[in-house]
Every structure is written in C-alpha cells, then in structure tokens.
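Chemist: The following block contains the structure, expressed as structure tokens.
Please treat every number below as a calculation from the coordinates, not as lab data. As the structure is a computational prediction, the values presented were derived from the model and not from experiment. Here Cβ is always computed from backbone atoms with ideal geometry, including for glycine, and neighbour counts include all displayed protein chains.
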Amino acid sequence: MKPARSQRSRSRGLLPALSATALFFACLAGLVILDEAPAVLLLAYAVLSGVALAMYRADKNAAKRGGWRTPEANLHAVALLGGWPGALVARPFFRHKTTKEPFRTLFWCTVITNCLALAWFVYAAPVLTR
C-alpha cells in the first residue's frame, strides 16, 4: 500500500533538511567543544531555529484558514539571524514556501549570508570568541 500523497511529498525533502540541520549543529557543537566558538552561539541557533519553525507553522496555519499571514520579510529575517536550520526543516515538514519564487532564492541567500558571517565570526575574529 502506497503512503498518501501528502506523506510522500513531506518526506521527500524532510530527510535532506534534517540531515543538513543535524550536520550543521554537529559542526557547531564541535566548534564549541574545541573552544573555537562560544556555547551561547549554539544556544542562539537552537532558539532561533525553534522560533523559525514556529513562525512557519503559524504562517502555514494562517494560510489554510485565510488568517493574518507572517510577512515573508520576517521569515527571511529570522533565517538570516540564525534560524535557517529550523526554517530548512519547517519548509518540507509543513509543505510551506517550498516552490514559491523568489522566496526560495532569497531563503538560500539568507542561509549563505548567515554561514559566511558565522565563518567570519569563528575564524577572522577569534578575539570575540574567547
């Protein structure tokens, strides 16, 4: 028996998103363990990821019932600030904002920008982390 269509489309992108998120947090935890990044950074990414996940859920629910929507700029802002791992998981899990352009392109720009800023913080500004 085949799974329902919604389960297939949800699981299609969910495993890569969960894998990428787990890898990111494992690398970040490694940097904390090696004393290359402060532990508060790991906490900040976890909290912002939770916020992003909640925002995507609320926006999806609002879209279903025709209620007040979360502005896309707010979704991008939380991703840029460090919530992108949660947003990455939320998109396929809630099947929300997965095909809409230019949202997808801007989302990946926020991910890249955040990762570049993190790399700069960890490697080019070591005085700030100690």
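Chemist: Using Cα-Cα distances under 8 Å and only pairs 6 or more residues apart, what relative contact order does the stretch 7-81 have, in percent?
Modeler: Relative CO of the stretch 7-81 lands at 22 percent.
Chemist: Kindly list the residues of the stretch 17-50 that lie in the label zone of Trp68, defined by a backbone N under 16 Å from the point 7 Å along the Cα-to-C-beta vector.
Modeler: In the stretch 17-50, the label zone of Trp68 (backbone N under 16 Å from the point 7 Å along Cα→Cβ) covers no residue.
Chemist: With everything on Cα atoms, drop me the angle between helix 103-119 and the longest principal axis of the chain, reported from 0 to 90° to the nearest 10.
Modeler: Orientation of helix 103-119: about 20 degrees from the principal axis.
Chemist: Run the helix sum for the chain: -39,500 (n - 2.57) per DSSP H stretch of 4+ residues, divided by residue count, reported at 222 nm to the nearest 500 deg cm²/dmol.
Modeler: Numbers: 6 runs with 95 residues, N = 130.
Calculated mean residue ellipticity at 222 nm is -24000 deg cm²/dmol.
Chemist: Order of Leu106, Leu15 from fewest to most other C-beta atoms within 10 Å?
Modeler: Values: Leu106 16, Leu15 10.
Exposure proxy ranking, most exposed first: Leu15, Leu106.
Chemist: Another question about this same structure. Angle check, please: helix 5-33 long axis (alpha carbons) against the longest principal axis of the chain (alpha carbons), in degrees 0 to 90, nearest 10.
Modeler: 10 degrees
Chemist: Cross-link partners among aspartates and glutamates for Lys97, C-alpha distance below 19 Å, same-chain residues fewer than 8 apart left out?
Modeler: Excluding near neighbours in sequence, the set is Asp59, Glu72.
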